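Each remark here refers to the structure printed beneath this line.
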Amino acid sequence: MKPGTKQLRILEIGTQLGVGGITRHILALRDWLVAHGHEVTLAGSPDVWVNGGTGHPYLELPVNRVAGGGGSLPGRLMALAGAAWRLRRWLKRHPVDVIHAHDSAPALVAALARKGLNIPLIVTYHGSEPERIAGFGRIARMCDLTVTPSHRSAEDLATIGGVPPERLKVIGLGVAPPPEVSAAEVAALRARLMGDGERVILTLVRLAHQKGVDILIDCVARLRKDHPGWRFIVAGDGPDEAALKTLARERGVLPSLSFIGRTSEPHLHLCAADLFLLTSRWEALPFTIVEAFRAGCPAVATACSGVVELIDESVGRVVPVGDVAAICGAVEAVLADETARRELGAAALARAGEDRFDPDWIHPQFEALYRSLARQEGRR
């Protein structure tokens, strides 16, 4: 922190703070802010990555029950009241300069809890199914500012969600530089993933409806007929894991499709792959595509908001959401010519070096935003 600048007290609120891109974004931002002299507390429902035992300031809030884990509407309303009451009590004992909520349920809890306390509130829109945009907009209008990593998402929030354009800001997601991996490590992993096959197509996702792994299974069923040597690898876990494995078994694709569970080495897996494939139903700006670029791995992904801001035909292919024929055609097109595939990978690696993916370029923008809102509140 520069001499003479004020330390900020910041509360970052998520929903379920488990494995996934949103939590990774929150943790990376937290770590950067703390390293630059600020005091950051995380809040939300505990999970493997964030909980009371991690050694960092943390406030447990039942936000997951507000977002849907509460079941019925009365149950969710009771969870909302309880979470807002608990957060308000905490804020009175631990004043903060700004609250940053990540998604609609944390924003709603914070909006109720901060009433009369003169604390600025930012919400980040990390993407949602199209039918939820209007609802998100209603909650976003209760906040001082809405941030999203995608220009397309910002347009949706303005036109569908009714968020005033002057209260929208686009800031990318800083993705940490990948670890060093050796050629021997890559070759060994590739051999394990490929087995007796000839190509490795990797998907890194949380096993949930949003990520469209059921669509991926349909693609594998179609592609394996003409490409029996292609090996599709799904790395990740999540609430739909058992159902997706059952579906894959019923479709008879398991010889070509492997679920390998969560990996702590995504970069190594991407380096070992020929192609990164993402069949999501909705996204904002996926971390995993940038990680694929940093591994020099071309990508095929469905056209969800910010995806079209990341991928063009120089680095891969963008295809319509849910269009199995188009997805399969794009995968075949990329893998048909090895020289062209390598050129796509080289272009992807070059794109990964752009400022919009650099944490040391992105995170100072959040710091400046926090300072600006804190000053505005201080002048009221």
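Pick from the stretch 1-27 the residues that are touching a Pro at 6+ places or on another chain (Cβ under 7 Å) and within 23 Å of residue 290 (Cα to Cα): which of them is modelled with the highest pLDDT? Of everything passing the filter in the stretch 1-27, 14 is modelled with the highest pLDDT. The C-beta contact set for the stretch 183-201 (first residue on the phi > 0 side of the Ramachandran plot, second residue surrounded by 13 or more Cβ atoms within 10 Å (Cβ to Cβ) and modelled with pLDDT of 95 or more, distance under 9 angstrom, 6+ apart or interchain) comprises 195/231; 195/258.
The residues on offer are 76, 88, 9, 30, and the sole one that is surrounded by 15 or more Cβ atoms within 10 Å (Cβ to Cβ) and under 23 Å from the mean Cα position of the chain (by Cα) is 30.
Among the numbered conditions (1) part of a helix (DSSP H, G or I); (2) more than 20 Å from the chain's Cα centre (by Cα); (3) not small (Gly, Ala, Ser), the only one that residue 228 does not meet is (1).
So, residue 119, is that one surrounded by 16 or more Cβ atoms within 10 Å (Cβ to Cβ), in a loop (DSSP other than H, G, I, E, B), in contact (Cβ under 8 Å) with a residue 60 or more places away in the chain and assigned by TED's automatic domain parsing to the domain that holds residue 33 or not? Spelling it out, residue 119 is indeed surrounded by 16 or more Cβ atoms within 10 Å (Cβ to Cβ), in a loop (DSSP other than H, G, I, E, B), in contact (Cβ under 8 Å) with a residue 60 or more places away in the chain and assigned by TED's automatic domain parsing to the domain that holds residue 33.
Among the residues of the stretch 286-294, none qualifies, meaning not one is in a strand (DSSP E or B) and either of a type in the set (S, T, N, Q) or touching a residue at least 12 places away in the same chain (Cβ under 8 Å) (or both). Scan the stretch 37-92 for residues that are aromatic (Phe, Trp, Tyr), within 23 Å of residue 237 (Cβ to Cβ) and out of contact with any helix residue (DSSP H, G or I) (no Cβ under 7 Å at 6 or more places or on another chain) and jot them down. Answer for the stretch 37-92, where residues must be aromatic (Phe, Trp, Tyr), within 23 Å of residue 237 (Cβ to Cβ) and out of contact with any helix residue (DSSP H, G or I) (no Cβ under 7 Å at 6 or more places or on another chain): just 58.
If you take the residues in the stretch 29-65 that are polar (S, T, N, Q) and within 18 Å of residue 86 (Cβ to Cβ), which one is modelled with the highest pLDDT? Per the criteria, the residue is 41.
Each row is one residue, and each column tells you yes or no for (1) assigned by TED's automatic domain parsing to the domain that holds residue 170; (2) not in a helix (DSSP H, G or I).
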{"residue": "322", "(1), (2)": "no, yes"}
{"residue": "326", "(1), (2)": "no, no"}
{"residue": "334", "(1), (2)": "no, no"}
{"residue": "346", "(1), (2)": "no, no"}
{"residue": "350", "(1), (2)": "no, no"}
{"residue": "363", "(1), (2)": "yes, no"}
{"residue": "367", "(1), (2)": "yes, no"}
{"residue": "370", "(1), (2)": "yes, no"}
{"residue": "373", "(1), (2)": "yes, no"}
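The values are calculated or read from the model by the stated rules, or taken from the named source; none is laboratory data. What you see is a predicted model, and the numbers here were worked out from it, not measured in a lab. Note that we place each Cβ from the backbone using ideal geometry, even for glycine, and neighbour counts take in every protein chain shown.
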